[in-house]
1. What accessible area, in Å² to the nearest ten, does a 1.4 Å probe give for residue 171?
2. Checking a compactness column here: for the stretch 304-406, what do you get for Rg(Cα) / (2.2 N^0.38 Å), N being the number of residues?
3. Using the structure shown, select from 281/398; 286/376; 241/398; 54/182 the pairs with a Cα to Cα distance greater than 26 angstrom.
4. Using modelled amide H (1.01 Å from N, peptide plane; none on Pro or chain starts), what sits under 5 Å from the amide H of residue 175, excluding residues fewer than 5 places away?
5. Counting heavy atoms of the protein chains only and a 1.4 Å probe, report the per residue accessible area for the chain as a whole number of Å².
6. At q = 0.13, 0.17 Å⁻¹, what log₁₀ I(q)/I(0) does the stretch 70-213 have when each alpha carbon counts as one equal point scatterer in the Debye sum?
7. Within the chain, which complete DSSP H helices have Cα atoms spanning at least 18 Å along the helix axis and a mean Kyte-Doolittle hydropathy of 0.0 or higher?
8. Assuming a viscosity of 1.567 mPa s and a temperature of 4 °C, what translational diffusion coefficient in µm² per second does Stokes-Einstein assign to the stretch 31-144, Rh being the Kirkwood radius over Cα pairs?
Amino acid sequence: RRPLPPAAPPPPRSLPMSNRRPRICVVGTGNASHVFIALFSSQGYIVDVYASYKDEALRLSAALATTSGITVHDRCHPDKKTSYTGRPHLVSKDPKSVIPTADVVVMALPSFAFRPVFREIRDHLKKDAIVFGMPGQGGFDLVAQTELGDRFGEVTIAGLIPMPLNCRIIEFGKAVDLAALKDKYDLAAVPARNAGVAARMFTQLLGKPVRALGHYAAMALHASNPNIHPARLYGLFSDFKDGKIYAENPLFYETFDATSATWAQRVSDERLKVWRTIVAKMKEMKVEIGDPNEVPDLKQYIINIYGDQIHDKSSLASVFSTNDGFKGFSCPMKRLGNGWTLDFQNRYFVEDIPEGFCVYKGLADLAGVPTPTIDKILGFFQNFMHKEYLRDGSLSGKDVKETKAPQAFGIKTLEQYILRMAPEKASNAPAKRALRSHV
């Protein structure tokens, strides 16, 4: 593979790949990392692992010393179960040992973990490397820019959606259960002109189609967990009060009903309006950032990525409730007495709301688009999380700095965000000057 062009002009171009396969570094030892280590190495790629958290590098090395590798038990298609095994070349807690040789860095991590990892690998990244972040939402672009500093323009930052895998570790370092590998993906990159190269690279790695988006704002406003989880939780638990106990912990997706679907659709409609408004406002300034229809509706998004794993595609509720890839997941609850109550330390709250749902709201505020449904759900749950993100209808509460919304990074205008992430997308010099005049 030949290196990507530098962050500054020249303009976009298609780059040939050499016959040399890229060397891959998988970051972390979580559920998804287990699958990627085995999947990529079983396909003949040299795969290293960077594992800096506590003793996870030692634990993984110790587990691998007693087995031939990590085995993936693949049940993506229940009638065609299979398995494959692969092992990494190197496992290290030291970024100097595995990051400088990586053409591709795969960060399949909770979004709150991106910041410390970027700090650790900043000085060791190979120039022109592609750094894939999954999930691509959660402010991946802004965190990368903040933490990489002057190295930000030397690499391609590529966010991917959806999270490719639904999986769970069976035995650490030895076996992992794979319930779903999504059918299609969207990718946004900084610099934006490298999105096509990064998309082709991930297609090569995963064997699935990857579509390049025009600007990272399309990724931030995409359908995924921030659209699904808060809306579903509100549909289930809008009667919640502190100390309320429920008799059971229901299945999150298999009991997905029309009420939850209504809330999820309203959130979907609002974020689509935000994206289309941003595209229209930028077009007025002769700045092209993408197609107004490239951010998908929630139902079509689920159909696109799960395909034949869905048995009934007739409604938004049914694409969740009849989806083989969503089977077996309970609600974010914990035991209390003889029943169950909501667990506000669960990632459905501490990650999806500040790292995704608040990003929807932050971009809506920058674009001047009202979001009554997002406001209602956010206002309801922030009280039980003991946070103040929303204040007087805007994302201006005292805890906004803890989110991944643009406002948490000091961004105050839409033009400032667009220019900061992709100045090269302005079609000409007057358009760039028009953007800067608003910053």
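1. 100
2. The reported ratio for this selection is 1.30.
3. 281/398; 286/376; 54/182
4. 71, 170
5. On a per-residue basis, 40 Å².
6. Result of the Debye calculation: -0.62, -1.03.
7. The qualifying helices are 372-384.
8. 86
The values are calculated or read from the model by the stated rules, or taken from the named source; none is laboratory data. Since the model is a prediction, treat every value here as computed from it, not as a measurement. A quick note on method: Cβ atoms are made from the backbone with ideal geometry, for glycine too, and the neighbour counts reach across all protein chains shown. For the accessible areas, the whole protein counts, side chains as well, though only heavy atoms, and no ligand, DNA or RNA atoms are used. Shrake-Rupley method; radii C 1.70, N 1.55, O 1.52, S 1.80 Å.
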